[in-house]
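Enquirer: After the structure tokens below, expect a handful of questions from me.
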Amino acid sequence: MHWLRWKFYDALSIVTFSAVVLPAVTAQRMPATAQALIFSATLEFRHDSIPTAIQAMKDAGDKYNVQFDDTEDQAWFKDGRINKYDTLVFLDNTGEVLDDAAQTAFQNYINSGGNFVGIHAASDCLRNSTFFANELGAHFDYHPQITNATIDVVDPSHPSTSMLPEQWQVFDEIYNFKSDPRSIGAVVLLSADESSYSDPGPRRYDQGNPHPIAWYQDHGAGSSSQDTAGRSWYTSLGHTNETWQNPLYIAHVLGGISWVLQSNTTSFTNPAAAIGSGPATNSTNGNNNGGTTTTTEGAPGPTNTPSAGLRVAANIGSPRWILLPIIIAIAIMVG
């Protein structure tokens, strides 16, 4: 009978491990997908590439471990829905797309740990907001005709530039800005080789040298002195549908988004944070046609962000892993 008792104890130990230890491991490793909200409202010029851009980011989301929703409704700011997102992605916005109440909500979001990504014409909105200008880095002034140009990689070590050639040939709008983003602490990642294209414009403002094209700020450097503020990343490229179909450009954008998501100021990386990682929802796109879009799963692909290990580890808690020790325990008892 002693042998039967010991087999019982062995089986009980395995079942206990299954019921207690494995779920605990799973609970510690569950945060697997960051939440991002694309905001694409426009009141002036509207890029026809906006739908292509939104879909491109959603399609790439699974590879980069990001769930994207999208909206053009500023009510999301005022009613607090933005607070569940780890980053806001301003896409091609023009004009005063947020009223005073929505701008206050945006400022509170950033100061509470939220992150910010601006793409292309996002630098041409909220022109009267000092906070937004500083969070963004610099406001758009003008651009020459769309052109072939050489973009120099200033910092090849950043996740948004590490995949790019040292001199990147693009066909895009080359923006000029009303200020130098470096003047408020931004770090320039990409610059334009001004000898590679023609620009007959006035260049009325000092935007610094070399000509800034993409940059980042850590901890809201320009807009906030609070240590709790999130990260900011901006790229001025992205005018055409063809650009948004270029895997290299998409890697550039998603690399920037991945970088802000490692800020340690939202729930995606910091469980104590007050902002971010809420459940994904269907998104209402308040465009002129009143249409709606539904969040879609990203295309399958190798996850290459630092949180990938968390996603894989979370599978430990699936039913098949819980059943395996029980099956082994039964085998021990029977044997």
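Enquirer: Quick one: Pro144 ticks every box in (1) assigned to a strand (DSSP E or B); (2) surrounded by 15 or more Cβ atoms within 10 Å (Cβ to Cβ) bar one, so which box is it?
Expert: (1)
Enquirer: Moving to a separate point now. Among the residues that make up region 147-155, is at least one of them assigned to a loop (DSSP other than H, G, I, E, B) and touching a residue at least 12 places away in the same chain (Cβ under 8 Å)?
Expert: Within region 147-155, the first condition is being assigned to a loop (DSSP other than H, G, I, E, B), and the residues that meet it are 154-155.
Keeping just the survivors that are touching a residue at least 12 places away in the same chain (Cβ under 8 Å) gives 154-155.
Yes; the residues of region 147-155 include at least one that is assigned to a loop (DSSP other than H, G, I, E, B) and touching a residue at least 12 places away in the same chain (Cβ under 8 Å).
Enquirer: Using the structure shown, decide if Leu88 is in a loop (DSSP other than H, G, I, E, B) and either buried (at least 20 other Cβ atoms within 10 Å of the Cβ) or in contact (Cβ under 8 Å) with a residue 24 or more places away in the chain (or both).
Expert: Working: in a loop (DSSP other than H, G, I, E, B): no; either buried (at least 20 other Cβ atoms within 10 Å of the Cβ) or in contact (Cβ under 8 Å) with a residue 24 or more places away in the chain (or both): yes.
Criteria not met by Leu88.
Enquirer: Only one of Asp69, Asp62 is assigned by TED's automatic domain parsing to the domain that holds Glu173 and either assigned to a strand (DSSP E or B) or surrounded by 22 or more Cβ atoms within 10 Å (Cβ to Cβ) (or both). Can you tell me which?
Expert: Numbers: Asp62 fails: either assigned to a strand (DSSP E or B) or surrounded by 22 or more Cβ atoms within 10 Å (Cβ to Cβ) (or both).
After applying the criteria, what remains is Asp69.
Enquirer: So Thr269 fits all but one of (1) surrounded by fewer than 24 Cβ atoms within 10 Å (Cβ to Cβ); (2) over 22 Å from Asp152 (Cβ atoms); (3) modelled with pLDDT of 95 or more; what number is the exception?
Expert: (3)
Enquirer: Follow-up question, since we're still on this one. When the residues of region 232-260 are narrowed to those that are touching a strand residue (DSSP E or B) at 6+ places or on another chain (Cβ under 6 Å) and either within 12 Å of Gly113 (Cβ to Cβ) or among the small types (Gly, Ala, Ser) (or both), which ends up surrounded by the most Cβ atoms within 10 Å (Cβ to Cβ)?
Expert: Restricting to residues being touching a strand residue (DSSP E or B) at 6+ places or on another chain (Cβ under 6 Å) and either within 12 Å of Gly113 (Cβ to Cβ) or among the small types (Gly, Ala, Ser) (or both), the top hit is Ser232.
Enquirer: Does Gly256 meet the test of being at pLDDT below 95 and in the same structural domain as Met57 (by TED's automatic domain parsing)?
Expert: Working: at pLDDT below 95: no; in the same structural domain as Met57 (by TED's automatic domain parsing): yes.
For Gly256, the condition - at pLDDT below 95 and in the same structural domain as Met57 (by TED's automatic domain parsing) - is not met.
The values are calculated or read from the model by the stated rules, or taken from the named source; none is laboratory data. Treat the numbers as computed from the prediction; the structure is a model and nothing was measured. Using ideal geometry, Cβ is built from the backbone for each residue, glycine included, and neighbour counts are taken over all protein chains shown.
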